[in-house]
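The values are calculated or read from the model by the stated rules, or taken from the named source; none is laboratory data. Note that the coordinates shown come from a computational prediction; the quantities given were computed from them, not determined experimentally. Neighbour counts run over all protein chains shown; Cβ positions are idealised from the backbone, glycine included. Ligands, DNA and RNA are excluded from the accessible area calculation, which covers all protein heavy atoms including side chains. Shrake-Rupley method; radii C 1.70, N 1.55, O 1.52, S 1.80 Å.
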Amino acid sequence: MRGWCEAPWRTRLLRRLRVPHALLAPLAARSRRWRELADDLVYWRGVRAEASLPEWRRLTSSYSVLVYHRFAGELKPGQERIDIAPRRFRRQLRLLRLLGFRPLPLELLLDFHAGRVDDLPRRRFAITVDDAIADCMEPLRRAAGACPQLFVPTAELGGAAHWIDGEPVASWDEVRVLAARGVAIGSHGRHHRRLTELDAVTLEEELAGSLADLRENVPGAAEVLAYPNGDHDERVCEAARTAGYQAAFTTEKGRNGAGTDPYRLRRVSIHGADGALAVLWKATTGEALPRFWLRLRRDRCRR
């Protein structure tokens, strides 16, 4: 049976609505897929009946994580999906705030997964930014109150991003300025390599070496990792744990809850074409936009 956050948003909604038993039998008779859904709803109805209120609140507490990369608004060919104009970023955060969404500080996120906090308030979301491209510095400085997390490839700071068309990467001095403003600084490896392709020695250098770089250059840096390109497997997750990280982010979509492996935390990417409503959807569900939404967007662009 899937955990609370492993299920898509429709299933989570049905679990909360407590679909009547009278509807479940006809539902199960329709097909295997519907039978699995009916079994899931029966299972979670039983969990809800047996769990205490604090247990149920912990089981169903969850949050979404948004991931950004660039804040230039240049939309260079090949970068349209990862480049957000700073003004659009500010509008997105403003709408979420107006609708009652509140940023999730990294400390609270880690406490929740470690069991030091039983449950989270509703409508919590986290902002993460990968790569430390130089154009992220000013938007993150201005958004420091939203508790963003910046993941930096420590050996590439001050250089050029070989993984994004040679875009300039921020310097250590710029990163320390953000840290002083309250932006959490975490690791994105040392050289932004695909970790699953590395041998054991190089993998340790990428992970343990990056954490050592952070501790030396940014006092109070977060012991948190974002896998470059989201690339991970069981070996990489274990290496991250051994290196001393408390948690690690993937690029797998979905929300995160108490049952989520802290070394496989899910995130949903914000794309250059995403407006405020698209970000609202992603912050609410942790999932990509529905196909019909993407079709409408494509049709509008063609016109």
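Cβ separations smaller than 9 Å between residues 6+ apart or across chains give the following pairs from region 88-113 residues that are on the phi < 0 side of the Ramachandran plot and in contact (Cβ under 8 Å) with a residue 24 or more places away in the chain to residues that are open to solvent by 70 Å² or more (accessible area, probe 1.4 Å) and acidic (Asp, Glu): PHE112/ASP118. Would you confirm, using the coordinates I've provided, whether GLY254 is at positive phi, open to solvent by 60 Å² or more (accessible area, probe 1.4 Å) and of a type outside the set (S, T, N, Q)? Spelling it out, it is not the case that GLY254 is at positive phi, open to solvent by 60 Å² or more (accessible area, probe 1.4 Å) and of a type outside the set (S, T, N, Q). Applying the condition of being free of Cβ contacts under 8 Å to residues at least 40 places away in the same chain and more than 24 Å from THR285 (Cα to Cα) to region 47-72 and asking which residue is surrounded by the most Cβ atoms within 10 Å (Cβ to Cβ) yields ALA51. Looking only at region 259-296, filter to residues that are modelled with pLDDT of 95 or more and among the basic types (Lys, Arg); which one of those is farthest from ARG12 (Cα to Cα)? Ranking the candidates gives ARG264 first.
Can you find, within region 254-303, the residue that is nearest to VAL67 (Cα to Cα) among those that are part of a loop (DSSP other than H, G, I, E, B) and out of contact with any helix residue (DSSP H, G or I) (no Cβ under 9 Å at 6 or more places or on another chain)? Residue satisfying both the conditions and the ranking: ARG266. Residue count for region 227-248 under the criterion of being in contact with a Pro (Cβ under 9 Å, 6 or more places away or on another chain) and acidic (Asp, Glu): the result is 0.
Listed by first and then second residue, the pairs with beta-carbon distance under 9 Å, at least 6 apart or on different chains, first residue in region 1-19 and within 20 Å of PRO290 (Cβ to Cβ) and among the acidic types (Asp, Glu), second modelled with pLDDT of 90 or more and open to solvent by 80 Å² or more (accessible area, probe 1.4 Å), form an empty list. Residue under question is ALA25, and the condition is that it be of a type in the set (A, V, I, L, M, F, W, C) and surrounded by 11 or more Cβ atoms within 10 Å (Cβ to Cβ); does it hold? It is false that ALA25 is of a type in the set (A, V, I, L, M, F, W, C) and surrounded by 11 or more Cβ atoms within 10 Å (Cβ to Cβ). Screening region 9-50 for residues that are small (Gly, Ala, Ser) and under 32 Å from the mean Cα position of the chain (by Cα) and picking the one that is farthest from LYS253 (Cα to Cα) gives ALA49.
Scanning region 129-177 for residues that are over 20 Å from the mean Cα position of the chain (by Cα), of a type in the set (A, V, I, L, M) and over 23 Å from GLU205 (Cβ atoms) gives ALA134, VAL177. Output the residue which, of all residues in region 264-286 that are open to solvent by 20 Å² or more (accessible area, probe 1.4 Å) and in contact with a Ser or Thr (Cβ under 9 Å, 6 or more places away or on another chain), is farthest from THR251 (Cα to Cα). My answer is THR284.
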